[in-house]
Amino acid sequence: MGVKTGLDVWAAQEFRALRGQRVGAIVNPTSVDARFQHLADLLTEARDVSLCALFGPEHGVRGEAQYMEAVGAAMDARTGVAVHSLYGKSFESLRPRPEWLSGLDVVLFDVQDVGARYYTYLATMALAMEACAKAQVAFVVLDRPNPLGGLLVEGNHVGAAFRSFVGLYDVPARHGMTAGELALLLEAEQRWGVELTVVPCEGWTRDMAFGDTGLHFVPPSPNMPTVDTALVYPGMCLLEGTNLSEGRGTCRPFEQFGAPWLEAEALARALDALGLPGLAVRPVHFTPTFDKHRGASCAGAFLHVVDRAAFRPVRTGLAAVVAARALARADFAWRSDAYEFVSDRSAFDLLCGTDAIRLLVEDGAPFAEVARLLDGASDAFQERRRPYLLYA
């Protein structure tokens, strides 16, 4: 018997807990049950449940918007329900407005996360929880497995000066929690006072690979096509803070990276020499169809994860940055435009949660010295999260 998501659990109960209530839902294309029925459609058909509003996180309710592309308000074509955007053109656009919550009894959150702090859905969840607390609207998380499992944690602290939509709270890059668990932790630490319910998955354990769950992986965003993408993402997303292509505009984003001014074989040899665990590296060439270096031939490396348990994505992402800069110092650059509504901090620093890593890289420090900044950095979080873990 496979894993049941929180949605499957409540769908089997015919949403009895919502009867007589006016409901809003934060959803995207992953908000489906085991038969691929979307939560919005299920709520529309549920007995004595009034679906009154849908809220679209980054990429939108139906998932058609690209990253950092504003999502507009609309009417959902399938259900006829109003859609409110939770990802516009300013930080203020990221939280539900009081008038959107007025008249609602409860807001549901049912979005598949990928286990990385910078993946913005759980930041959307947190801001919605805070808004619901102020509006005295209950909040329910229909939980889903963490595709990376729930054992390993990796990454450094997020300093107060580097808080942003990719680091609202002091959570490591790879947090090893489900959305429901993180909701419990944030409510306890932030003390919003929201009436919070988490509907746990059934049958999921922390050591499970996603392939063991029996669930289908529905791409949660346009550049997250497979579980393999999710596995490398907590490290390779760091490349968004550089002028390296992270493979957007190709069919294997984040698994491959490069630039027109790199030499593929030299880059692969440099990464191989670092002895990164659980990883095999292959030289690669690609031409992005959009985003960085659109239409230009890029040389780079493809990351093959050969041992999921040993692989450390954040260290691997840092290694990619260090190696690429060392090989092409004159051409490598940090991203300098506004990133996730912040213009006075480096995008790379926001992703790292600190400027210490960038400064070491700029000083030409070897990878081993840069990687030491991660040693023991997540130990305190392991203890912080312990009271809120729902699964064995």
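What the table shows:
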| item | result |
| --- | --- |
| Residues of the range 18-42 satisfying the condition of being under 25 Å from Tyr391 (Cβ atoms) and loosely packed, with under 14 Cβ neighbours inside 10 Å | Arg35, Phe36 |
| Only listed residue being touching a residue at least 60 places away in the same chain (Cβ under 8 Å), out of contact with any Lys or Arg (no Cβ under 8 Å at 6 or more places or on another chain) and of a type outside the set (Asp, Glu), chosen from Met224, Met177 | Met224 |
| Cross-chain or 6+ apart pairs with Cβ under 6 Å, the range 92-106 first and over 11 Å from Cys52 (Cα atoms), then part of a helix (DSSP H, G or I) | Leu94/Leu127; Arg95/Leu127; Arg95/Ala131; Pro96/Ala128; Pro96/Ala131; Pro98/Ala135 |
| Test for Gly20: is it over 30 Å from Gly167 (Cα atoms), modelled with pLDDT under 95 and either part of a helix (DSSP H, G or I) or out of contact with any Lys or Arg (no Cβ under 9 Å at 6 or more places or on another chain) (or both) | no |
| Residues of the range 23-61 that turn out to be on the phi > 0 side of the Ramachandran plot and in a strand (DSSP E or B), as a count | 0 |
| Single residue of the range 79-105 satisfying the filter (within 27 Å of Cys201 (Cβ to Cβ) and touching a Lys or Arg at 6+ places or on another chain (Cβ under 8 Å)) that is surrounded by the fewest Cβ atoms within 10 Å (Cβ to Cβ) | Asp105 |
| Failed item, numbered, when Glu240 is tested on (1) touching a strand residue (DSSP E or B) at 6+ places or on another chain (Cβ under 9 Å); (2) charged (D, E, K, R); (3) assigned to a loop (DSSP other than H, G, I, E, B) | (3) |
| Residues satisfying the stated conditions in the range 1-17, i.e. under 19 Å from Asn146 (Cα atoms), in a loop (DSSP other than H, G, I, E, B) and not β-branched (Val, Ile, Thr) | Met1, Gly2 |
| Test: residue in the range 133-151 that is under 25 Å from Ile357 (Cβ atoms), of a type outside the set (Lys, Arg) and open to solvent by 20 Å² or more (accessible area, probe 1.4 Å) | yes |
| So Leu389, is it open to solvent by less than 70 Å² (accessible area, probe 1.4 Å), under 22 Å from Asp228 (Cα atoms) and either under 20 Å from the mean Cα position of the chain (by Cα) or not aliphatic (A, V, I, L, M) (or both) | no |
| Restricting the range 153-185 to residues that are more than 16 Å from the chain's Cα centre (by Cα) and not small (Gly, Ala, Ser), the residue that is most open to solvent (accessible area, probe 1.4 Å) | His157 |
| Entirely in the range 292-392, the helices (runs of 4 or more DSSP H) that have 1 or more residues that are under 20 Å from Leu244 (Cα atoms) and among the hydrophobic types (A, V, I, L, M, F, W, C) | 313-327, 347-352, 356-362, 367-371 |
| Residue pairs meeting the criteria (Cβ under 6 Å; at least 6 apart or on separate chains; first over 13 Å from Arg144 (Cα atoms), in the range 201-220; second of a type in the set (S, T, N, Q) and surrounded by 14 or more Cβ atoms within 10 Å (Cβ to Cβ)) | none |
| Which listed residue, of Leu108, Leu122, is part of a strand (DSSP E or B) and buried (at least 20 other Cβ atoms within 10 Å of the Cβ) | Leu108 |
| In the range 282-291, the residues that are surrounded by 13 or more Cβ atoms within 10 Å (Cβ to Cβ) and either touching a residue at least 40 places away in the same chain (Cβ under 8 Å) or within 18 Å of Thr242 (Cβ to Cβ) (or both) | Val284, Phe286, Pro288, Asp291 |
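Here's the yes/no breakdown for (1) in contact with a strand residue (DSSP E or B) (Cβ under 9 Å, 6 or more places away or on another chain); (2) under 14 Å from Gly155 (Cβ atoms):
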position: Val322; (1), (2): no, no
position: Ala333; (1), (2): yes, no
position: Leu350; (1), (2): yes, yes
position: Glu362; (1), (2): yes, no
position: Ala371; (1), (2): no, yes
position: Tyr391; (1), (2): no, no
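The values are calculated or read from the model by the stated rules, or taken from the named source; none is laboratory data. Just so it is clear, the structure is predicted and the values come from calculations on it, not from any experiment. Don't worry about glycine lacking a Cβ; one is built from the backbone with ideal geometry, like all the others, and counts go over all protein chains shown. Heavy atoms of the whole protein, side chains included, go into the accessibility calculation; ligands, DNA and RNA do not. Shrake-Rupley method; radii C 1.70, N 1.55, O 1.52, S 1.80 Å.
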